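Visitor: Dumping the structure here so I can ask a few things about it.
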Amino acid sequence: MEGVYGTYAVSAGRQKDVVSEAPPPETRVLLGYLKSPEHWDWIHATKSYNVRTEERVGGVPSSTSLLYCQLLLLYCPALERVALARVVSDPELVDKHAMERTGYPAPTSDYWCIQLRWVSTTESIATLSAADVSAEVASMGKRKGEPTATSWSALIAAASLRWAGYDISI
C-alpha cells in the first residue's frame with residue numbers, strides 16, 4: 001500500500017500502529033460514520049469497517065476510491081467518539097449471512113469490508129469530536145452517514161482551526 005509510515009508497538013499481545021511521523025499531506029482519509037454503540041463494538045472487535053454495496057441507498061461500487069483510502073477516521077455521534085485506523089486490505093464483498101455470523105448488528109444486505117489496524121490518534125486531530133466530523137461531512141454536501149473521503153492535510157487544517165476556535169469546512 002502506498003504511503004506506509006509509522007512503526008509498530010506490541011502491548012499485551014496486541015499489535016497497534018504508532019504514528020512516528022505525520023502521514024504525507026496527500027494521504028486519503030475515509031471519514032467513516034458509525035450509527036450506534038453496537039456498530040462501534042463490532043468494528044473494534046473485528047477490526048473491519050463496512051460500507052453498503054451499490055444496490056442499497058448510500059451504497060458504493062467496489063471501484064470507488066473511498067474504499068482505497070490509506071486511513072480511516074471513525075466517528076460515532078451516539079457515543080461522541082472518534083478513532084483512527086490504517087486500512088490494511090483491499091475491499092472484500094461479504095454477504096449478509098456472513099455478516100450475521102461475524103456478529104454484525106442487524107445486517108440488511110451485502111457489504112464491502114476493509115480490514116483495519118488501530119493507530120494512536122495524533123495530537124493534530126485529537127481536537128476533533130464526532131460532532132465536528134459530522135459537521136464537516138455535512139459542509140461537504142454529503143448526507144448523514146454517507147462515506148466521505150478527504151486528505152490528511154485538509155483534516156489537519158480542520159482540526160487546527162477548530163482548536164484555534166474557528167469553524168471551517170474540510
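Visitor: Just in region 30-77: which GluC sites (Glu not before Pro) are loop by DSSP and have at most 15 other Cβ atoms within 10 Å? Numbers along the way, then the final one.
Guide: Values: sites: E38, E54, E55; in loops: E54, E55.
Qualifying residues, ordered by number: E54, E55.
Visitor: Radius of gyration and Dmax for region 26-160's Cα atoms, expressed in Å?
Guide: Both quantities, over Cα of region 26-160: 13.9, 43 Å.
Visitor: Going by amide H atoms built from the backbone, whose H comes under 5 Å of the H on S89, apart from near neighbours?
Guide: For S89, the qualifying residues are Q115.
Visitor: With a cut-off of at most 15 other beta carbons within 10 Å, and DSSP calling the residue loop, which GluC sites (Glu not before Pro) in region 65-106 qualify? Please list them.
Guide: Working: sites: E80, E92, E100; in loops: E80.
For GluC sites (Glu not before Pro) across region 65-106 that sit outside H, G, I, E and B with at most 15 neighbouring Cβ atoms in 10 Å, the list reads E80.
Visitor: Run through region 57-155 and list the trypsin sites (Lys or Arg not before Pro) located in a DSSP loop whose Cβ has at most 12 other Cβ atoms within 10 Å.
Guide: Qualifying residues, ordered by number: R143, K144.
FYI, it's all coordinate maths here, none of it is from the lab. A quick note: this is a predicted structure, and the numbers were derived from the prediction, not measured. Glycine gets a Cβ as well: all are built from the backbone with ideal geometry, and neighbour counts include every protein chain shown.
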